[in-house]
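Below is one structure, written out as structure tokens; the observations come after it.
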Amino acid sequence: MTTSQFEHGMRLACRAFFAKVLGIAEHAALDSVGSVFAQMRLQLESGSTALNASPTEERRRSRKVARVDASAPRGGPSLAPMAPTDHPALRERVIESVRQHPGATVVELVPHVSIPEAALRRYLRQLAEEHRIRIDETPSTKFRGQTRHTYFVLEASSGAAGEVLPSAAFA
């Protein structure tokens, strides 16, 4: 037997194999579709409008229903009442939060201010540029030395600040 005859025989065997596999897959798919249509027909005849979901889907639905609070707005469950968000009031709320929690990070301040982290970071940077708060940088012990920003309110008598200051231990 030569190499070309062997290759030809292998090609024929592969075609036969794949034809058999595809035939089995086709029959399985048709059986599945047929059973879904039969289930739909039975449900329509019984007056039900929804398809029976799998147990996993049922658990997901029940969890979603259990989490929704009837008093929450339609957008989703309310985590905390939102405070005023007009610009001056919000800026003062950020400053007051930093004053009450000196040395806090953005993640620690978010629950007290009730605005997204990105917005809080933006306000904190603006307030630092206006010399109303101070941002200290220290290497994080949790995150492999990644810079950790902590925030402090500057009193009117504290002089020039507003820039990012490295920690005294690492200066």
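The values are calculated or read from the model by the stated rules, or taken from the named source; none is laboratory data. All values derive from a computational prediction rather than experimental measurement. Cβ placement follows ideal geometry from the backbone for every residue including glycine, while neighbour counts extend to all protein chains displayed.
A few notes on this one:
- Within the stretch 114-171, if we keep just the residues that are assigned to a strand (DSSP E or B) and at pLDDT below 80, the residue that is surrounded by the most Cβ atoms within 10 Å (Cβ to Cβ) turns out to be LEU165.
- Matching helices (runs of 4 or more DSSP H) fully within the stretch 1-111 where at least 2 residues are closer than 30 Å to LEU124 by Cβ, modelled with pLDDT of 80 or more and touching a strand residue (DSSP E or B) at 6+ places or on another chain (Cβ under 9 Å): 87-100
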